[in-house]
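One structure below.
Since every read-out is calculated from the coordinates, none of them should be taken as a lab result. Note that the coordinates shown come from a computational prediction; the quantities given were computed from them, not determined experimentally. Every residue, glycine as well, gets a Cβ built from its backbone with ideal geometry; the counts of neighbours run over all protein chains shown.
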Amino acid sequence: MSAVNTKDFEMMCVLLESLLDLSEHLWSTRKDLDGNALDAGTTMRNFDMTLIKTRSPLTHKDLDFLRKKSRNSRLRFSGFYLPPLDEDKEFIPILSLDCNLGSSPPRLSLRVGMTKYIKGKKLRPVSLGFRFEMGIPKSNHNYHHMQLTGTPHDEPLEGCPELPETYPCVITPAKCSVSLLLCLLLSLYGSRISKHGIFTANIDKKYKTYSEFLI
């Protein structure tokens, strides 16, 4: 495995840890990125009463264990609760990740399922899934891209309509695993995510260039 891929993997894990810090803080204080209180009747109901019961949140202890257990820059997890959304706040975004940066070519899939519950005679789920993936050499998708998916967590997403899973295939400006994760964050939160210290101050010039996606 190349030294470049090893470094990308380490930086991606640092970014994930910072993101998990931010997410845990916001959900525990029940606030969004702008410091506004989350609605107890919609967002927090979905988070506390429904999703938490069916999909346990990934913790720092879990992530640290998976990192130490990883070999050749391989990592796989689900249940990573992303920070609350500023718009469409009733949707709860949950990240699943599957990567093997030691393979040839390196592989990374970042999948997000977004679910909310609508009141009626009983709570009814409404969901959507998408994935950000590295390009596949010698294929029709030989570029880093985003696609829709109904199975963001390795099983069908409850309340998700049937979706086209091959096209559209939307190109992203990503060049590596770190920039692909940044593209995902930018698509969900816009540039405001850059104000929350998810990047360490002493990162290499290469990653500072990627962080400009968030400005």
query = By count of other Cβ within 10 Å, fewest leading, how are Thr42, Thr172, Thr115 ordered?
reply = Thr42, Thr172, Thr115
query = With axes computed from alpha carbons, what is the tilt in degrees of helix 60-69 against the longest principal axis of the chain, rounded to the nearest 10 within 0 to 90?
reply = 30
request  = Taking every Cα atom in segment 5-105, find the radius of gyration and the maximum pairwise distance Dmax, and write them in Å.
outcome  = 15.1, 48
ask   = Applying 1/(1 + (r/R0)^6) with R0 = 41 Å to the Cβ-Cβ distance of Arg74 and Thr42, what FRET efficiency is obtained, to the nearest 0.05?
value = 0.65
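Could you work out the Kirkwood radius for segment 39-97, taking every pair of different alpha carbons, averaging 1/r and inverting it, reported in Å? Mind showing how you got there, number by number?
Working: mean 1/r = 0.0784 Å⁻¹.
12.8 Å is the Kirkwood radius here.
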ask   = Pulled fully out, how much extra length does the chain show between Arg124 and Lys195, if you take 0.36 nm times their separation in residues and subtract their Cα-Cα distance?
value = 22.1 nm
note = In Å, the C-alpha Rg and Dmax of segment 3-214 are 16.9, 56
ask   = So what's the back-of-envelope 222 nm ellipticity for the chain, counting only DSSP H runs of four-plus at -39500 (n - 2.57) apiece and dividing by all residues, rounded to 500?
value = -8500 deg cm²/dmol
Relative exposure of Lys195, Lys31, Lys116, judged by other C-beta atoms within 10 Å (fewest first) = Lys195, Lys31, Lys116
